[in-house]
1. Which pairs do you get when a residue that is away from every other protein chain (no Cβ under 14 Å), found in segment A:222-247, comes within reach of a residue that is hydrophobic (A, V, I, L, M, F, W, C) and not in a helix (DSSP H, G or I), reach meaning Cβ atoms under 7 angstrom, with the pair 6+ apart or on two chains?
2. Quick check on B:Ala202: is it in contact with a strand residue (DSSP E or B) (Cβ under 6 Å, 6 or more places away or on another chain) and not in a helix (DSSP H, G or I)?
3. If you check A:Phe233 against the conditions, is it under 30 Å from B:Glu52 (Cβ atoms) and either modelled with pLDDT of 75 or more or in contact with a Phe, Trp or Tyr (Cβ under 8 Å, 6 or more places away or on another chain) (or both)?
4. I'd like the full set of residues that are in contact (Cβ under 8 Å) with a residue 60 or more places away in the chain and small (Gly, Ala, Ser), limited to segment A:172-199.
5. When you go through B:Glu229, B:Glu195 one by one, which is the residue that is surrounded by 14 or more Cβ atoms within 10 Å (Cβ to Cβ) and within 28 Å of B:Phe154 (Cα to Cα)?
6. Within segment B:254-278, which residues are assigned to a loop (DSSP other than H, G, I, E, B) and free of Cβ contacts under 8 Å to residues at least 24 places away in the same chain?
7. Can you tell me how many residues within segment A:16-36 are exposed (fewer than 15 other Cβ atoms within 10 Å of the Cβ), away from chain B (no Cβ under 14 Å) and of a type in the set (A, V, I, L, M)?
Amino acid sequence: MTNFATLTRMRIQLTLRNKMFLFFSVIMPFGFFFLYAGIFAKGVPRGVRYFLGPVIALTVMGSFWGLSAALVMFREQGILRRFHVTPVTSSDMLASSIVANFVLTMPTVIVEILFARFVFHVTSFGNLFSAFLLIALGAMSFASLGLVVASVTNTMQETQVINQLIWLPLIFLSGATVPLASLPQVVRRVGLFLPATYLVTELQDAIYWSAAPWSRDFLIAVAALVVWAVLTFFLSAQLFRWEPESKIPGRAKLLVAATAIPFLLLGILENSSSHTISKAKAMAESVDAPSEPDAPSGNAH
Amino acid sequence: MANSILQVENLVKRYGDVEAVRGVSFAVEEGEVFGLLGPNGAGKTSTVEVLEGLRTPDGGRVSVCGLDPQRDSAALKHEIGAALQSTSLPDKLRVMEALRLFASFYKRRRNPEELLKRFGLEEKRDTFYNQLSGGQKQRLALAMALVNDPKVLFFDEPTAGLDPQVRREIYDIIEELKREKKTIVMTTHYIEEAERLCDRVAIVDHGKVIALGTPRDLKAHSGGTTRIEVRLSKPESNGTLKSLEGATDAREVGGTYVIHSKRPPQTIVSLVKHLEAQDNELVSLEIASPSLEDVFIEMTGRRLRD
């Protein structure tokens, strides 16, 4: 337990001394924030509130990027092997990555909310409890995804390629950049299989329409994210390698498939009901409507 | 043997089809500095990494401090300290932070301040790892190996890639540890390192121990010839030199005559007499006692380093 704590502290310290971190975790998210709030929402408080969900989701999902890069670099440079001759265990190493990432992501999210409040005069943030639960889950599950990427790739280059392959669908098919409602039908169907889609939509629902933590959609999304996060973390522990030349165990490859299960099921369900899509559409329409942004009274889900 | 602090019996380690270690056996006693000497790729590092618990053996039995590095890995890690080959620390970790961090992982700890002083790193305490010189990095690696006051130390090629000045600094450090009766297992491909530091040496080649003993014994049991290297003012035939008293072999290598002798004093006297008679003169003379390199050449027909 103490090893986990000291490692977490070290990871936070090291990340703060890294210029790459500054770019990916501070400059890029705030860039998105001002792009969305200033340009897409034209600075109108209701619009800013509408876009805050997707912006925060982007901030949170970006976690996997830096985390995978850091771990692969640690392994490539033989830093992990030095830890391997000490009593540090692989779960110490992995858990500290996730917690350090969480601690480093939260301030950015909070500053985004403060900007929305004081720069763009957003007065209500919906159900902040729901929002923070999703933010925490999102940060942890996407960080686990980063750990898996770090385990299956061997070089920094490979990691960056895989990260791009994950990142692009993540931001374009989930509603985080282009609203789900304006995506073509086929693309939307694919998007419904992505964890990102539910994180974006539910976060938007929580902030914009004040979705309560006991609402149906929220519970389903949280359950899927929890199962996914647990599976992904478990998988990353199975795949973890201290040495670049160690092989990935065969049974672990099966687990990669297993982690797809929760969102495969949810994707099938949502593709038949198109519940999430209609909600995203309704939220998008209400931003432009002259009335108040509050959820319609029937929105108890 | 039964109460040796470290035992290796018939160790085998494979990487795919390549058998890196092919039945290595040795035992290390408490307080001993034991060296694995051999060329790159001989299987030294693989052997040490199995002992450290970093690699799974494919055959044989090893025990360190009475523990099995695989089964009792968690317990063993508290008892050993290691300076690995091809390892590193995060660029932006400071020297003192590294010592403190690694000390925090152990139940038994040494004072990081004291290690810093002892390894001459006091002035570098707040320096980032990537700003240290090669020698400073290596001193830090050795200091870090000691943070848990380990029972057995593993130094894998502790001076590889360092310049001679720095190498001597590292020798001093290891000699000091030796005086403190630390048990050290080290690998090296430098002859002088093994001769100077190790109580006993196992010469390893192609995954096998081909000779084992104190450096002195190993040299005594080899041909035991002394190398006499001379330069002459006029050329001389190899045949004549070979027939000198006590000489076993003589050949010319790039203008220098290399004579191997079992009785160097007699050989030199007879050489001088011969030269006087021929009106030839001795330009230079060097005598080298047999080294572990000669032992290696004799056993494998190759030099340790080409």
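The values are calculated or read from the model by the stated rules, or taken from the named source; none is laboratory data. Keep in mind that this is a model prediction, so the values were computed, not measured. Glycine also receives a Cβ, built like all others from the backbone with ideal geometry; neighbour counts cover every protein chain displayed.
1. Taking only residues 6 or more apart or on different chains, the pairs are A:Leu239/A:Ile248.
2. Answer is yes for this residue.
3. Yes.
4. A:Ser174, A:Gly175, A:Ala176, A:Ala181, A:Ser182, A:Ala196
5. From the options B:Glu229, B:Glu195, the qualifying one is B:Glu195.
6. Scanning segment B:254-278 gives B:Gly254, B:Arg263.
7. Of the residues in segment A:16-36, 2 are exposed (fewer than 15 other Cβ atoms within 10 Å of the Cβ), away from chain B (no Cβ under 14 Å) and of a type in the set (A, V, I, L, M).
Residue-by-condition table, conditions (1) within 14 Å of chain A (Cβ to nearest Cβ); (2) touching an Asp or Glu at 6+ places or on another chain (Cβ under 9 Å):
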| residue | (1), (2) |
| --- | --- |
| B:Gly41 | no, no |
| B:Val62 | no, yes |
| B:Ala82 | yes, yes |
| B:Gln85 | yes, yes |
